Amino acid sequence: MTDAQIIEMARQAGGEFYEGFAGSTNFVKFTEDDFEKFAKLVAQHERENFCALLRQMHDSISLQSDPTGLKIRGEA
């Protein structure tokens, strides 16, 4: 996850920001409710990444088990 993605999720959760020293981004306000929303967004993002990785692994293994690599799902 990139810094930009984390900052965007924090903004979506309701965090308020200002530009700090040398262009860095600093929080002004991040309430307990905002933090909970942020945690849920991060968890959702991580689940989606994990599921995508599992799909890639499954596809890779499926292709390896079929010597032609052309088997269509549902075909015998």
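Where a number appears in this text, it was derived from the coordinates with a stated rule and is not lab data. Not measured: the values here are computed from a predicted model. Cβ sites come from the backbone with ideal geometry, for glycine too, and all protein chains shown count toward neighbours.
Cβ crowding within 10 Å ranks MET57, MET9 as MET57, MET9, fewest other Cβ atoms first.
This ranking places PHE50, PHE35 by how few other beta-carbon atoms lie within 10 Å of each, fewest first, which gives PHE50, PHE35. Legend: Rg and Dmax of the stretch 3-65, from Cα coordinates, 17.1, 55 Å.
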